Amino acid sequence: MPHTPDLLLHIGHGKTGSTSIQRSLQNAPDALKAANILMADADGHANHQRLFAHLTGVPKIQTGSDESPEHALKNAERLWRNLLLAIEAQRPDTVVISCENQFRPFDPAAFERMNHVLHAQFKSVRVVCYLRAPASYFLSAVQQDLKKNGDFALPSASRFRDTLEPWQTHGPGPVTALKFDRKALKDANVVHDFCANFLPGLDIDALGTLAAEENSSLSPEAMQILQSYFRGKFSAPHPWYARRAQRFKALVRRADAQTPARTKPTLRPGLGPVIEARCTDLDWLAQQFGISFAAIAPPALSQAEAEIQYQSLRDVADVCTVNSARLTVLWDRITTLARTEQAPMQVLGRLLRRRPLR
């Protein structure tokens with residue numbers, strides 16, 4: 001008889017420590033086995049974005065990839081078959097599938113498919129997520145968007161309700177939402193909090209400590225350079241970095257870390273209240289999930305006034321203060337670093353390290 005464990009479906013949202021949760025669980029197979037928990041596998045990726053495509057029928061194609069939707073769905077089906085085999089082999093009590101990109105409102109057909117697939121395999125399904133305050137989330141989302149293109153998306157005024165209500169109404173199981181607030185998290189640590197709330201049988205101490213996340217913040221000046229680059233205002237300082245966006249982004253990150261006076265971005269004065277005043281679903285969020293954000297004061301301007309100001313946000317300098325002097329120094333550092341890294345002897349040395357002489 002097929003084994004039917006419980007399923008924990010973690011959907012984010014983005015910028016709430018999802019990567020830390022995923023990597024901590026992925027890197028602790030012995031602790032998971034001892035607690036009879038199975039972390040799904042997606043060809044070694046801690047994020048299960050590819051696996052979710054099988055559940056929804058909605059493939060996620062990476063920017064710049066030439067993979068077809070058909071191939072992406074076939075790959076997702078393969079990953080799902082592998083998960084079912086692992087479930088039968090290990091017979092866990094709980095299975096964890098996690099991907100912050102799934103914090104979005106799927107259409108009824110996608111939910112119908114998801115429910116059909118999951119209810120056939122699992123005894124119960126619990127959907128869980130962490131939510132970040134609107135202004136804090138907005139800044140993080142801007143940083144994330146600028147790592148991929150020259151423009152950033154403006155989240156809707158009812159982002160929480162737009163997503164969570166369809167999951168509540170059409171999704172595969174009850175939805176639990178918690179506030180992402182360091183002060184409220186167990187040990188001020190989202191991994192510990194996630195395990196305490198949703199995987200209580202797991203030994204937290206056995207998870208170890210991750211190194212600093214790769215998703216660490218860029219400075220406002222680095223954000224400005226990436227936005228200008230993706231908008232085509234200048235070229236990469238060497239053709240090698242122009243061939244792949246990831247190369248240029250990594251170069252900017254290295255130079256940013258080496259340039260003095262680096263600061264984390266903060267919203268321009270007065271912008272936080274604008275972002276909060278336009279939100280239309282905070283009362284709904286409090287009623288449905290008991291979540292309120294204490295830092296949000298009563299709005300000093302109307303929702304319509306806030307929306308006008310919000311829709312005018314286009315550039316990094318509209319969102320946070322950019323130090324023009326450091327911007328110049330950072331660009332000089334980027335060009336110098338590129339010349340150094342692409343000097344013939346440096347390139348030769350890297351090639352030899354990859355392919356040792358025999």
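The values are calculated or read from the model by the stated rules, or taken from the named source; none is laboratory data. Note that the structure is predicted; figures quoted are calculated from it, not measured. All Cβ positions, even for glycine, are placed from backbone atoms using ideal geometry, and neighbour counts span all protein chains on display.
Of all the numbered requirements in (1) surrounded by fewer than 15 Cβ atoms within 10 Å (Cβ to Cβ); (2) within 21 Å of the chain's Cα centre (by Cα); (3) under 18 Å from Arg333 (Cα atoms), Arg253 misses one, and that requirement is (1).
Regarding the stretch 287-294, can at least one residue be identified that is farther than 30 Å from Val128 by Cα and out of contact with any Cys (no Cβ under 7 Å at 6 or more places or on another chain)? Within the stretch 287-294 (the criterion being farther than 30 Å from Val128 by Cα and out of contact with any Cys (no Cβ under 7 Å at 6 or more places or on another chain)), the answer is no, since none of the residues qualifies. For the stretch 25-45, the criterion of being farther than 30 Å from Ala188 by Cβ and in contact (Cβ under 8 Å) with a residue 40 or more places away in the chain is satisfied by no residue at all.
Scanning the stretch 143-164 for residues that are without any contact (Cβ under 8 Å) to a residue 12 or more places away in the chain and closer than 25 Å to Ala286 by Cα turns up just one, Ser156.
In the stretch 295-344, what count of residues is obtained for those that are within 19 Å of Phe234 (Cα to Cα), under 28 Å from the mean Cα position of the chain (by Cα) and modelled with pLDDT under 95? Counting residues in the stretch 295-344 that are within 19 Å of Phe234 (Cα to Cα), under 28 Å from the mean Cα position of the chain (by Cα) and modelled with pLDDT under 95 gives 0. Scanning the stretch 283-315 for residues being among the aliphatic types (A, V, I, L, M) and either assigned by TED's automatic domain parsing to the domain that holds Ala133 or touching a residue at least 40 places away in the same chain (Cβ under 8 Å) (or both) gives a total of 5. How many residues are surrounded by fewer than 17 Cβ atoms within 10 Å (Cβ to Cβ), on the phi < 0 side of the Ramachandran plot and part of a loop (DSSP other than H, G, I, E, B) when one looks only at the stretch 32-51? Looking only at that region, the number is 1. In this structure, does Asn82 turn out to be more than 17 Å from Phe198 (Cβ to Cβ), in a helix (DSSP H, G or I), in contact (Cβ under 8 Å) with a residue 40 or more places away in the chain and out of contact with any His (no Cβ under 6 Å at 6 or more places or on another chain)? So Asn82 fits the description; yes.
Only a single item in (1) at pLDDT 95 or above; (2) in contact with a Phe, Trp or Tyr (Cβ under 8 Å, 6 or more places away or on another chain); (3) outside any loop (DSSP other than H, G, I, E, B) is not met by Ala236, and it is number (3).
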